[in-house]
Amino acid sequence: MSKTMEIEAPARPIGVYTRPKGNTGWRDWITTVDHKKIGILYGATAMIFFAIGGLEALLIRLQLATPNGTVLGADTYNRVFTMHGVTMVFLVIMPLAAAFANYLLPLQIGARDVAFPRLNALSFWVFLAGGLFLNMAWIVGDAPDGGWFAYAPNTGMIFSPGKGMDYYALGLQITGIASLVSAMNLIVTVLNMRAPGMTLFKMPVFTWMILVVQFLLLFAVPVITVALFLLMFDRNFGANFFNPEMGADPLLWQHLFWIFGHPEVYILILPSFGIISEVIPTFSRKPLFGYPFMVFSGIAIGFMGWGVWAHHMFVSGIGPISVAAFSVSTMFIAVPTGVKILNWLATMWGGKIRFNTPMLFATGVVSMFTIGGLSGVTHSLAPADTQQTDTYYIVAHFHYVIFGGSLLGIFAGFYFWWPKVFGHLLGEKLGKWNFWLMIIGFNMTFGPMHILGLQGMSRRIDSYSPGFGFEFWNMFASIGSFVIALGVLMFVINIITSARKARTAPPVGLDPWDARSLEWFTPNPTPAHNFDDDIQVSSLDEFWHRKYGEDENGRVVRVATAEEVCQDGSATDTHLPSPSYWPVILAAGLPFVAFGLIYTLWFCVLGGILIFMGIYGWIFEPVDDPDGPHGHHDDGDVHDEPSDEVSTETAEEAPVG
Amino acid sequence: MIPKSLRSFLRSGRFAALAIGGLAALTGCAADAPLDTLAPKGPISRSIDSLSDPVFLVAGVVFVIIFGATAVIWWKFRDDHSTDEFPEQVHGHFRAEIGWTIGPAVIMAVIAVFTLISHFDLNGQDRTDIVVSVDGERTSWDPEVVIVGQQWWWEFRYYFDGLEGVDLSDARHLPPADIVTANQLVIPTGSEIGLKILSRDVIHSYWIPALNGKRDAVPGRVAPWKIEAETPGVYFGQCTEFCGLSHARMQMQTIAVDPADFQTWIDEQIQPAVEATNAAAVRGQTVFEGQCARCHVVNGMNDGGGADLVANAAPNLTHLMSRTTFAGGIFNLYEPDGSLNRTQLEAWLRNAPAEKPAYAEGRRGMPAMGLSESQIDDVVAYLQTLGAAPDMDVIAATEVD
């Protein structure tokens, strides 16, 4: 493709159509299309939202620490718990997964970048726009108050006349665009840009799980978009999709929301499953136990995740037959999840495990997610669920899944790949403090919620009276939440101190963990062009297999050092996609359109202009910087070791803008 | 201090339940946890409990296995750095993996069978008629009560001719009922009571944990449900579907009484309000008719009146004094000594939104009526004529904090 471009070299662009140059300074961060920088942007932004969502969590726990709490008041409390849920789901866990996916996925498949680098930048900026827009609701003093699943008709104009639910409906539509764009981009990347020889079943499990997640996003996000769109029409244009007075059935919202919402649960958890499937073998010094089972169980979860949504609605009156069907389907989704847990344990079993911080977090995921899974099984019994649902028991359950499963896995990933991204390790000592404080605080906070729920404490109540037996465990949980906060603080301190130390300490080396997959072929931190040369893949864990062989007794012996195996990152003149101004401009238009729908349509005009400029500029800027380097063998005709498998399954050219 | 819940848990021997989240405690006795889901007080809730108990046990066993294995891994397979040798490179074990795919599937299938039996049982009906006397006429009543949720209180409507032919399709305009009361549902013991759960605004959820699981009140729908109490007593409940501002302050009780006492209760409730006689109450009635009666119905005064509210209903006050709580079940109407909780009632009449968050200006919840202090005294005097005070033991048992 790039060849064609060269042949038909277009007229030299002028003015705004010149693509920005250089890769330093703030301007570079705004215009970058480098998947690694975008990954870092995703991660940093999500961690800021994590601080906001965490602050909201602490406020919730302060309010509930004592009976008849007066820290927040009912109205503020409702807004705080709504925004806590929305923030943690849409602005923290999802983008943190996107951070890892962006940074690592091209590296794990041996690619130069993602398939559509500018779209990748667009995803990030649109996500940021959506996140800022949602949190603008705090600044205008009218944050959403309908709960993160926003059941109709409580969110309609009659019952929620403020602007809060508009921010919810429009903000999530914006972040949904980010997820969809990113999903298509990453699917195309995985399917088309794998290194020569990397068949689908030689892909790392992390890449596999991210691929499954992107398909889930691709099909789930449109469903919530429909729901949000209908809500927007109800609220802003007087439609009656969810208005029972006009004959609407409020359960429509619930179905739409949970057809998205349940796959969403797997969207949140599978990236973490992928991360620890990389971490556990590395630190156990054994290959992943049952790779095909791990991949297929992930795919099975992806499929079965579509058939269980109504278990969120067991008490909403969908009828006994539907409840029975979804009760049974929910039970069986426990099976592939159980397979994963047992396979991780089997990977560790018989290993020689180094319990570094990433491994601590990974084992944390296995145990904490087990608890969340088991309480999930107790929910699947529809009759039992009539007692449990909408109590703190369910709050405990999903925090064990999302915090114990997703977030701890993401922390495992932070510690594991930090040297890959920043060129130095995070401190082990502070890392262990981070882990233990978090896991103890987590169990102190959410463990007692099982008890509170079974004692009948409803979720989403802003206060409780003494006399229901809720006092002790609520206070206990509130103390626990501050222990978690302390754990997170250790992480922040660790980031700062390890960066300081790294200035004087020797570099981390090529292979700090004795790792297994393709991303470790590059130096740390990863150079802008990723790989100097294509990597010919012949097995799963290619990197490890280049380092180790077997002697005649079948024992593992070292055959090469990391220095011998790794590329030195010295390639010059590599052809990289050029930066672009237009994604950020296009993204900036979206919140203005949303403001317009809430306040005055004039904002829509402004937003429309920005979007139009963004698209127009995007189309008319040159596909490449014509002055950019084309020296290196990027043109797809150089293959050191051509392979039969290569021809159809891989694409070797550099991605174009 | 060890809470009672923990001690009773340790005694109860439900150690397996420790599985779920490193629990330290599960059950509380009714005295200190009136909403306890693991202390069933009727056959329906007991059937749920006996379904979930063994599953807690299974979950507990799995928990012990997984955490046991993790502990072994933690101690035994830690790298002691004694050699540089790699452990045996096992790539998988097909038969083991098939085993732990099929094994759990079989366990789940067994659980599924019991779940389905229990589930269809829970959704079936097994009511028998109760003979009651209404206005002196004996009638065979198919015991079903209409429950209507609205922001932020519950209404209970009794139709002793049965619900056949009663149009429940519009919860805001329901046909007149024999008895309309609020926040405290009164049922006879020993009978399955059918419920038809409706909503006048947003989704609520009706839940009396000791008697059954919960069922949502969805506007535009009629949700069938049921409860049954074995022994006379007071069973607490809490709205469990987030319903807006005062969701936390939407509480309810079910008072189960002997069939004979239930008849007495009917006889009382079926009467219209008696005419006020003392001077303060008469003045209060005038104020009530001018202000309160725009929303609140008192049978015999403004029967069939609607309310100037989104939900088109406010609690029927004909027998207010026979109830022991008010304002969505969150305030005691009586002091522990049986006297009127005058302070709270007056505060409520003075400025209701200050006592319980509501959107009075959005016609959701009782507004501040702007009554003078003497008017408040008069209205209280009038309200005291509405219904007879219940027995002291009821006052004690229904007390809320």
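The values are calculated or read from the model by the stated rules, or taken from the named source; none is laboratory data. Given the structure is predicted, the values throughout are model-derived calculations rather than measurements. Here Cβ is always computed from backbone atoms with ideal geometry, including for glycine, and neighbour counts include all displayed protein chains.
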Of the candidates B:THR231, B:THR254, B:THR277, the one satisfying the condition of being crowded, with 20+ Cβ neighbours inside 10 Å, assigned by TED's automatic domain parsing to the domain that holds B:GLY190 and out of contact with any Asp or Glu (no Cβ under 9 Å at 6 or more places or on another chain) is B:THR254
Which one of A:ILE275, A:ILE321, A:ILE299 is of a type in the set (A, V, I, L, M) and within 27 Å of B:TRP74 (Cβ to Cβ)?
A:ILE275
Filtering the stretch A:272-320 down to residues that are without any contact (Cβ under 8 Å) to a residue 40 or more places away in the chain, at negative phi and at the interface with chain B (Cβ under 9 Å from one of its Cβ atoms) yields A:PRO320
Scan the stretch B:172-180 and give yes if some residue there is touching a Ser or Thr at 6+ places or on another chain (Cβ under 8 Å), part of a loop (DSSP other than H, G, I, E, B) and either touching a residue at least 60 places away in the same chain (Cβ under 8 Å) or within 18 Å of B:ALA223 (Cβ to Cβ) (or both), otherwise no.
no
Given (1) among the polar types (S, T, N, Q); (2) surrounded by fewer than 20 Cβ atoms within 10 Å (Cβ to Cβ); (3) in a helix (DSSP H, G or I), index of the condition A:SER498 fails:
(2)
Taking the conditions exactly as written (in the same structural domain as B:LEU317 (by TED's automatic domain parsing), of a type outside the set (Phe, Trp, Tyr), out of contact with any Phe, Trp or Tyr (no Cβ under 8 Å at 6 or more places or on another chain) and within 28 Å of B:ALA311 (Cβ to Cβ)), does B:ALA368 satisfy them or not?
yes
Please report, ordered by residue number, the helices (runs of 4 or more DSSP H) entirely within the stretch A:362-453 with at least 2 residues that are among the polar types (S, T, N, Q) and out of contact with any Pro (no Cβ under 6 Å at 6 or more places or on another chain).
A:382-388
Would you check which residues across the stretch A:322-335 are at the interface with chain B (Cβ under 7 Å from one of its Cβ atoms) and either of a type in the set (A, V, I, L, M) or free of Cβ contacts under 8 Å to residues at least 40 places away in the same chain (or both) and list them?
A:VAL323, A:ALA324, A:VAL328, A:MET331, A:PHE332, A:ALA334, A:VAL335
Would a scan of the stretch A:413-434 turn up a residue that is under 23 Å from B:GLY103 (Cβ atoms), over 22 Å from the mean Cα position of the chain (by Cα) and without any contact (Cβ under 8 Å) to a residue 24 or more places away in the chain?
no
Residue count for the stretch B:42-57, restricted to those that are in contact with a Lys or Arg (Cβ under 9 Å, 6 or more places away or on another chain) and either touching a residue at least 60 places away in the same chain (Cβ under 8 Å) or within 8 Å of chain A (Cβ to nearest Cβ) (or both)
2
Restricting attention to strands (runs of 3 or more DSSP E) lying wholly within the stretch B:101-169, give those where 1 or more residues are in contact (Cβ under 8 Å) with a residue 60 or more places away in the chain and in contact with a strand residue (DSSP E or B) (Cβ under 9 Å, 6 or more places away or on another chain).
B:130-134, B:144-150, B:153-158
Conditions (1) of a type outside the set (Asp, Glu); (2) buried (at least 24 other Cβ atoms within 10 Å of the Cβ); (3) under 30 Å from B:PRO219 (Cβ atoms); (4) under 23 Å from the mean Cα position of the chain (by Cα): number failed by A:VAL308
(2)
Filter the stretch A:136-159 for residues that are surrounded by 23 or more Cβ atoms within 10 Å (Cβ to Cβ), free of Cβ contacts under 8 Å to residues at least 60 places away in the same chain and not in a helix (DSSP H, G or I) and give the result.
A:ASN154
Given the structure, is A:GLY338 at the interface with another protein chain (Cβ under 7 Å from one of its Cβ atoms), outside any loop (DSSP other than H, G, I, E, B) and either under 24 Å from the mean Cα position of the chain (by Cα) or not small (Gly, Ala, Ser) (or both)?
yes
Hey, could you check the stretch B:343-377 for residues that are of a type in the set (D, E, K, R) and surrounded by fewer than 14 Cβ atoms within 10 Å (Cβ to Cβ) and say which is farthest from the other protein chains (Cβ to nearest Cβ)?
B:GLU373
Would the stretch A:381-396 turn up any residue that is at pLDDT 95 or above, touching a Gly at 6+ places or on another chain (Cβ under 9 Å), surrounded by fewer than 24 Cβ atoms within 10 Å (Cβ to Cβ) and on the phi < 0 side of the Ramachandran plot?
yes
